[in-house]
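**Q** Let me begin by handing over the structure; questions about it come next.
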Amino acid sequence: MLNIYKTKDGVLNEVNELQPDVWVNLVSPDAEENQYIVDHYGIDYTDLVAALDDEESSRIEFEDNYTLILVDIPITETRNDEEYYTTIPLGIILVEDAVITVCRQNVDIFEKNLRYKMRNFSTKKKMRFVYHILYSISRLYLYDLRNIDKARTDIEERAGKGTLDTDIYSLHELESSLVYFATSLRANNMVITRLKRSNQFPEDEELIEDTMIENNQAIEMTSIYRDIIDSTRELISAVMDNRLNNVMKYLTSITLVMAIPTVISGIYGMNLKWLPFAGTVHGFGIICVITLAICVVSLFILKKKKML
């Protein structure tokens, strides 16, 4: 899919054809669309489709007539029938009169209504437009990190009521998402740092500084949330161990009480005449009452010792 945008008064508008100062957005493009952009802007085909490879790492490459920037962006994917987070590459190519972005999946790079709040937002100022893209990506990470922490909190709250197997799997997937985020954010930080060093426009210093702050905040939040998830896992493990111990304690106590009538009936089953009440007319009833009394006393003792 190929979409072309151009800003007017700081607002993105879609246009129908390639023209100067536009943003060309390629989402999972086919070979025909790729070749069209390659022929029009004189870009190496391999560089254009680099972002379509999930294994590509974040980096910057300076060519004769264009600059290639690869960064990772957060997306959702389905794992174990649930939606979790991962990252995929986003390619940003700067040519003389356009900014080209290439991605395998459609992602709203600019958050809803955020595009209307950006200062000096314009596709004409290519480097500033790139900084806006990077800033928005950092904001997307922060938004997804808050969702991850909310999902973890829900699991933690359910731990007191009853932990399900799905909660354990979900916790593992959330931690996997944070691993992807941590790796991608560190790589993105290297790209942003290099762009900051090569920045030639003093008026963009504040924007790129804000981008670095947001990205570093996302890195710090990722580290914190990973530690918290470790604590949550330990909590769930402790709760499950405690529940198992309680179950074993109850079963042991019940087995002990149930063993009393079994032992007594086994002894009287040997038909020994010298046993108490063996020759009494109402001996069976008396033995039953005594056995019940012993069981009740045993239950009381176990209850007092908090074994039940």
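**Q** Just to check your reading of the model, which residue among 235, 244, 256, 292 is surrounded by fewer than 11 Cβ atoms within 10 Å (Cβ to Cβ), on the phi < 0 side of the Ramachandran plot and either part of a helix (DSSP H, G or I) or touching a Pro at 6+ places or on another chain (Cβ under 7 Å) (or both)?
**A** Step by step, each of 235, 244, 256, 292 is checked, and only 244 is surrounded by fewer than 11 Cβ atoms within 10 Å (Cβ to Cβ), on the phi < 0 side of the Ramachandran plot and either part of a helix (DSSP H, G or I) or touching a Pro at 6+ places or on another chain (Cβ under 7 Å) (or both).
**Q** Name the residues in segment 71-89 that are in contact with a helix residue (DSSP H, G or I) (Cβ under 6 Å, 6 or more places away or on another chain) and not basic (Lys, Arg), would you?
**A** At the first step, the residues of segment 71-89 found to be in contact with a helix residue (DSSP H, G or I) (Cβ under 6 Å, 6 or more places away or on another chain) are 71-74, 79-80, 84-87, 89.
Residues satisfying the conditions are 71, 72, 73, 74, 80, 84, 85, 86, 87, 89.
**Q** Another question, then. Tell me, yes or no, whether segment 261-270 has at least one residue that is of a type in the set (A, V, I, L, M), assigned to a loop (DSSP other than H, G, I, E, B) and either outside the structural domain of residue 122 (by TED's automatic domain parsing) or surrounded by 13 or more Cβ atoms within 10 Å (Cβ to Cβ) (or both).
**A** Yes, segment 261-270 contains a residue that is of a type in the set (A, V, I, L, M), assigned to a loop (DSSP other than H, G, I, E, B) and either outside the structural domain of residue 122 (by TED's automatic domain parsing) or surrounded by 13 or more Cβ atoms within 10 Å (Cβ to Cβ) (or both).
**Q** So residue 216 fits all but one of (1) without any contact (Cβ under 8 Å) to a residue 24 or more places away in the chain; (2) under 44 Å from the mean Cα position of the chain (by Cα); what number is the exception?
**A** So the condition that residue 216 fails would be (1).
**Q** Also, I was wondering about something else. Check segment 270-287 and report whether any residue there is farther than 30 Å from residue 168 by Cβ and among the polar types (S, T, N, Q).
**A** Yes, segment 270-287 contains at least one residue that is farther than 30 Å from residue 168 by Cβ and among the polar types (S, T, N, Q).
**Q** Now for a separate question. Return the only residue of 101, 123, 78, 67 being under 23 Å from residue 47 (Cα atoms), modelled with pLDDT under 85 and of a type in the set (Ser, Thr, Tyr).
**A** Numbers: 101 fails: modelled with pLDDT under 85; 78 fails: under 23 Å from residue 47 (Cα atoms); 67 fails: modelled with pLDDT under 85.
Exactly one residue qualifies, and that residue is 123.
**Q** Can you give me the number of residues within segment 1-45 that are in contact (Cβ under 8 Å) with a residue 12 or more places away in the chain and of a type in the set (Asp, Glu)?
**A** Of the residues in that region, 4 qualify.
**Q** Report yes if residue 7 is in contact with a Ser or Thr (Cβ under 9 Å, 6 or more places away or on another chain) and among the hydroxyl-bearing types (Ser, Thr, Tyr), otherwise no.
**A** Yes: the conditions hold for residue 7.
The values are calculated or read from the model by the stated rules, or taken from the named source; none is laboratory data. Quick caveat, the model's predicted, so the values are computed rather than measured. Please note: Cβ atoms are built from the backbone with ideal geometry, for glycine as well, and neighbour counts cover all protein chains shown.
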